[in-house]
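What follows is a single structure, written as structure tokens, with notes after it.
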Amino acid sequence: MTVHNIGIIMNGVTGRMGTNQHLIRSIVAICNQGGVELDNGDVIMPDPILVGRREQRLRELAEEHGFSRWTTEVEAALADEYNQIYFDAQTTSRREDSICQAIKAGKHIYCEKPTATSTEGALKLAKMARDAGLKNGVVQDKLFLPGLLKLKRLINGEFFGDILSVRMEFGYWVFEGDWQEGQRPSWNYRKEDGGGIIVDMFAHWRYVIHHLFGSIKSLSCLGAIHIDERIDENGKRYKCTAEDAAYGTFELESGIIVQANSSWAVRVNREDLLTIQVDGTEGSAVADLRNCKVQHRVNTPKPVWNPDVPNPHDYPAQWQEVPDNQEFDNAFKIQWEMFLKHVVTNDPYELDLLEGAKGTQLAELALESWEKRRWVDVDELKI
Ligand SMILES: NC(=O)c1ccc[n+]([C@@H]2O[C@H](COP(=O)([O-])OP(=O)(O)OC[C@H]3O[C@@H](n4cnc5c(N)ncnc54)[C@H](O)[C@@H]3O)[C@@H](O)[C@H]2O)c1
């Protein structure tokens, strides 16, 4: 049995996503389980070097999780041949330049979405990595959420008959920062810093729609800045220049209509922060992050509109839970394991920088639709 130790440069690891999802729930969890086992019995063991600006924070984070390698000098980490992978979870606007630098240093690339703030920039990264023969991957975590995996199971099992429409509802109230601290970083609300819910969420909508329901033909989107002033991490009032809500409609090649509401200015009155309702000729389903419930056509009640009498139906009780039937691991960790295997064994890995660029393309087209107040066609993006 061979152990493949892989040095991974983790940049942006002190951030919300970097620390929680990528370091603790993925890399630390993989190390604690003894690495990623390959079919031939070999094991891949990730060996991260934590990169950031604040020495003190990096040292604390490394010590807390039993790692010995950290640096404030990304160039030095890139120059070290032991580090085969460059991972990036910095703020979005820093990603493109940083990944360019890592590709030039010959590192395989794994990164958060969006990969860049423009389609041109995102496509450039995909082309550079391909031309340099480097493995590359982009986080598409929602595909591995238990609720969405159950939805995919229903689709594969042909539960729905013909799928007619899909309603995706994402969002929650993000505090403005005055009387209660905001639970998202302030750059999210500044366009000049790479913020905005369209750039953020359409990167997700693209791969969710593509993998579950098919290719997108065209879209229309209306954005809004509902809250126009917030208080930042230093208690300073700032003007919100990026949209905090987006109301999108997608027409798929198959004729399925998908609606996606994304909002950081909505109070949750649904089962979770993301719910996806799918209606088909044979049945319907509603998935959230972990669960999925169904209503088959034979169990469909026959409501009649009559506001003059009390509602006789308990609608939520008329649905049936889809069982787990398997163990579900953390979505980010599943994708990390797939990528590590891809680097060592050449296992196919479809969720690459080109797929990531298609997310940025969708966001860019949504912004165009909002600005021009019209439907926009989505052309197949190629390198
Ligand atoms: N996959 C998902 O579900 C998901 C969810 C939220 C965010 N994200 C993405 O993850 C990325 C990070 O988001 P976050 O919410 O963790 O942000 P964050 O602000 O919490 O973290 C950003 C990181 O970038 C670093 N950074 C910022 N400015 C820097 C600079 N000038 N020089 C060096 N480092 C700098 C910070 O130190 C921090 O480590 C974003 O691109 C975001 O779109 C993905």
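The values are calculated or read from the model by the stated rules, or taken from the named source; none is laboratory data. Worth saying up front: this structure is predicted, and the values here are computed from it rather than measured. Note that each Cβ is placed from the backbone with ideal geometry, even for glycine, and that neighbours are counted across all protein chains shown.
A few comments on the model shown:
- Test: residue in segment 331-343 that is polar (S, T, N, Q) and surrounded by fewer than 21 Cβ atoms within 10 Å (Cβ to Cβ): no
- Of all residues in segment 83-95, none that is under 12 Å from TRP187 (Cα atoms) and of a type in the set (A, V, I, L, M) has its Cβ atom under 9 Å from the Cβ atom of a residue that is within 8 Å of the ligand (Cβ to nearest atom) and assigned to a strand (DSSP E or B), 6 or more apart or on another chain.
- Residue match in segment 323-344 (condition: in a loop (DSSP other than H, G, I, E, B), over 30 Å from MET10 (Cα atoms) and over 23 Å from the mean Cα position of the chain (by Cα)): yes
- When segment 117-138 is filtered for residues that are near the ligand (Cβ under 10 Å from one of its atoms) and aliphatic (A, V, I, L, M), only VAL138 remains.
- Matching residues in segment 148-189 - criterion: being within 15 Å of the ligand (Cβ to nearest atom) and within 26 Å of LEU354 (Cα to Cα): LEU148, MET168, PHE170, TRP187, ASN188
- Residue that is nearest to GLU380 (Cα to Cα), among those in segment 92-117 that are of a type in the set (Ser, Thr, Tyr) and modelled with pLDDT of 95 or more: THR115
- Candidates ALA331, ALA366: the one that is touching a strand residue (DSSP E or B) at 6+ places or on another chain (Cβ under 6 Å) and more than 22 Å from ARG130 (Cβ to Cβ) is ALA366.
- Scanning segment 344-365 for residues that are within 16 Å of the ligand (Cβ to nearest atom) and either within 30 Å of VAL3 (Cα to Cα) or loosely packed, with under 13 Cβ neighbours inside 10 Å (or both) gives LEU351, ASP352, LEU353.
- Residues in segment 334-343 that are closer than 17 Å to ALA129 by Cα and away from the ligand (no atom under 16 Å from the Cβ): LEU340, HIS342, VAL343.
- Residue within segment 122-140 that is without any contact (Cβ under 8 Å) to a residue 60 or more places away in the chain, assigned to a helix (DSSP H, G or I), more than 21 Å from the chain's Cα centre (by Cα) and surrounded by fewer than 24 Cβ atoms within 10 Å (Cβ to Cβ) present: yes
- Residues that are closer than 15 Å to PRO185 by Cβ and of a type in the set (Gly, Ala, Ser), drawn from segment 226-268: GLY235, ALA242
Yes or no, residue by residue, for (1) of a type in the set (S, T, N, Q); (2) farther than 17 Å from LEU362 by Cβ; (3) without any contact (Cβ under 8 Å) to a residue 60 or more places away in the chain:
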position	(1), (2), (3)
LEU222	no, no, no
GLU229	no, yes, yes
GLY255	no, yes, yes
GLN259	yes, no, no
ARG270	no, yes, no
GLU282	no, yes, no
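Yes/no per residue for (1) within 23 Å of GLY161 (Cα to Cα); (2) at pLDDT 95 or above; (3) surrounded by fewer than 18 Cβ atoms within 10 Å (Cβ to Cβ):
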site: LEU274; (1), (2), (3): no, yes, no
site: GLY280; (1), (2), (3): yes, yes, no
site: SER284; (1), (2), (3): yes, yes, no
site: THR300; (1), (2), (3): yes, yes, yes
site: TRP305; (1), (2), (3): no, yes, yes
site: TRP319; (1), (2), (3): yes, yes, yes
site: PRO323; (1), (2), (3): yes, yes, yes
